Amino acid sequence: MGRGYKGQVAQLVLLALAQSPHKASLRQSLGSGPLALSIRFHFVSPLRRDVDGGLKIAQDALCEALGLNDNRIVEIHLYKEQDSTNPRMDVSLRVLSR
């Protein structure tokens with residue numbers, strides 16, 4: 001099940017990159033250095049899952065899709081919200097200037 005999820009994430013990331021006019025600069029900026037990850041989970045029910053329950057699989061899937069080592073993530077922000085009509089996950093990855 002985890003492999004299937006990672007495959008789906010990889011497809012979505014690659015599709016988004018292919019459609020982005022900024023893909024070259026994005027890949028270059030993510031090249032090295034520490035990263036910050038922000039994930040906003042939108043669950044069907046607020047009681048359905050813990051806020052950190054999906055962190056590891058989501059982090060692994062995103063980093064694998066981008067060809068990044070997830071040990072570069074040094075800052076994480078997690079949010080849990082309810083959206084019963086459109087459950088989803090919004091992800092932001094940025095380079096930290098240190």
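The angle separating the long axis of helix 55-66 from the principal Cα axis of greatest extent in the chain is about 30 degrees.
Report the gain in length on full extension from Tyr79 to Gln11: 0.36 nm times residue separation, minus Cα-Cα distance, nm rounded to one decimal.
Working: separation 68, 0.36 × 68 = 24.48 nm, distance 2.39 nm.
Residue separation times 0.36 nm, minus the Cα-Cα distance, leaves 22.1 nm.
The rule of thumb for compact globular proteins, 2.2 N^0.38 Å, goes into the C-alpha radius of gyration of the chain 1.11 times.
Computed about the Cα centre, the dipole magnitude for the chain is approximately 160 debye when only Lys and Arg (+1) and Asp and Glu (-1) carry charge, each at its Cβ.
Along Cα→Cβ, 7 Å out, is where each label goes; now give me the distance between the ones at Val95 and Asn71 in nm to one decimal. Reported label-point gap for Val95 and Asn71 is 2.1 nm. Contact order for segment 2-95, expressed relative to its length and based on alpha carbon pairs under 8 Å spaced 6+ residues apart, stands at 46 percent.
Using a/c under 1.5 as the rounded threshold, could you call segment 17-73 rounded, prolate or oblate? The axes a ≥ b ≥ c are square roots of the C-alpha gyration tensor eigenvalues, and prolate needs a/b larger than b/c, oblate otherwise. It is prolate, given that a/c is not under 1.5 and a/b is the larger ratio. Taken along the Cα-to-beta-carbon direction at a fixed 7 Å, the label points for Met1 and Arg49 span 1.1 nm. Taking Ala18, Ala61, Ala36 as the candidate residues, the one with maximal mean-square fluctuation in a Gaussian network model of the chain, Cα springs under 10 Å, is Ala18.
Coordinate-derived values only; no laboratory data. These figures come from a predicted structure and were not determined experimentally. So basically every Cβ, Gly included, is an ideal-geometry build from the backbone, and we count neighbours across all protein chains shown.
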